[in-house]
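Just below is one structure, and these are the notes that go with it.
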Amino acid sequence: MKRLDVPLWTDTLFLGGCTALFFLCIFRFSMGLFAALAAALAAGGAAGGLYFAFMRRRRGKRRTAAAAHREAERLAFHLAMDAPEHNERRIADSLNAAREEGAEQYRPAGDGRVCGNGETYFLRFRFEKVTADALCPVCRAEGDKKYVLAGGFTDEAEKLAASFDITLKGAEGVYDLVQAGGQLPERYIEPPAPPSGFRRALRRRVRRRAWKGYLFSGAFLLLFSLLAVFPVYYVVAGSLLLAAAVAVRFFGVRE
C-alpha cells in the first residue's frame, strides 16, 4: 500500500484554502454570496491542483534519492560495527558475484584487504571519514589497481587518492556493490531508535522563543474581532494562534 504523503496534502490544502479565502473576499463585492463562494472554491481547487501536480513529481524524486541515501548510511553503520572478517567475506562475495567468467576469484586477505584479479580492495569502514593520513599506507602499498572502501572521505583524502590513481568508494558506492552482489545483511546492526512522539517531533521543529509572536498575533486578531463586520474569521484565526502559542511555549526547543 502506497504511503500517504501527509506534508504534500497539508501544503496543498493550505494553499487552496488561502487562495479560496482571497478570491472570496474579492468576488463578494461583485456577485452574490453563493456565486462568490463557488468561484472562490474553484480558484482554490485549481491552485491546489496545480501545486499538487507539480510538487508530487518533484517530491517523489527527492524521496527516492533520500531513501537511497538512508539505505547507504544504514549499511555503512552496519559495516563499521561488524567484525572485519565478516566485512572482508561480504565484499569478496559481492565482487565474485560480478566478476567475469574465468577471472581470478577475490579472496579475503585477513588484514582488512580483499585481493583478486590483479586488484586490491582496502576496507576502511569506520564512523569517521577517512583522512589523508589514514590513506597514506594505501598509497605506499604495492599494486597497480587499488581501491578503498569506506563510509566517506575528507576532501584532502580525495585529492591524495586522485594523485596516486586510487579509486575511492563511499557509502553509496559500497551499497551499490553489495546490493548488486546480493550480499546485503539480513539483519542490520543499527543504533537504538530514538524516542518518538508528538512532543519530540514538535521540539525538533519549533523554537520556544517564537511563542511571543503567536501570542501577540492571536491576541490582536481576537481584539480586532470586536470591531470587524465579519468577526468569525478573526475569532477562529486568533484562537488557533493562541493555541499555537501555548504549544510552542511548553513544547518548543529551548535555545
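Just in segment 16-102: which GluC sites (Glu not before Pro) are loop by DSSP and have at most 15 other Cβ atoms within 10 Å?
Values: sites: Glu71, Glu73, Glu85, Glu88, Glu100, Glu101; in loops: Glu100, Glu101.
Loop-located and lightly packed - Glu100, Glu101.
Please give the length that would be gained between Ala53 and Asn117 if that part of the chain were fully extended, namely 0.36 nm times their separation in residues minus their C-alpha to C-alpha distance (nm, one decimal).
Additional length available on full extension: 18.0 nm.
What nm distance separates the two modelled labels at Glu128 and Asp93, each placed 7 Å from Cα along Cα→Cβ?
In this crude spin-label approximation the distance works out to 3.1 nm.
Given 0.36 nm per residue, what is the gain on full extension from Ala35 to Ala243 after removing their alpha carbon distance, in nm? List each step's numbers first, then the result.
Values: separation 208, 0.36 × 208 = 74.88 nm, distance 3.35 nm.
Full extension of this stretch gives 71.5 nm more.
So for the pair Cys136, Glu190, with labels modelled 7 Å out along Cα→Cβ, what separation do we get in nm?
Each label point is offset 7 Å from its Cα along the Cβ direction, giving 3.9 nm.
Pairs of alpha-carbon atoms within less than 8 angstrom and 6+ residues apart define the contacts here; what relative contact order does segment 17-135 have, in percent? Kindly include the intermediate steps, with their values, before the conclusion.
Values: 89 pairs, mean separation 18.7, N = 119.
Averaging sequence separation for qualifying contacts and normalising by length gives 16 percent for segment 17-135.
If you take the beta carbon distance between Arg62 and Lys145 as r and set R0 to 35 Å, what does 1/(1 + (r/R0)^6) give as a FRET efficiency, to the nearest 0.05? Let's see the in-between values first.
Numbers: r = 36 Å, r/R0 = 1.03.
Working from the Cβ atoms, E equals 0.45.
At a Cα cut-off below 16 Å, give the lysines reachable from Lys129, other chains included and same-chain residues fewer than 8 away excluded.
Answer for Lys129, where 16 Å is the Cα cut-off: Lys159, Lys169, listed by chain and number.
Throughout, read-outs are computed from the coordinates displayed, never taken from laboratory work. Treat the numbers as computed from the prediction; the structure is a model and nothing was measured. Positions of Cβ are backbone-derived with ideal geometry, glycine not excepted, and every protein chain shown enters the neighbour counts.
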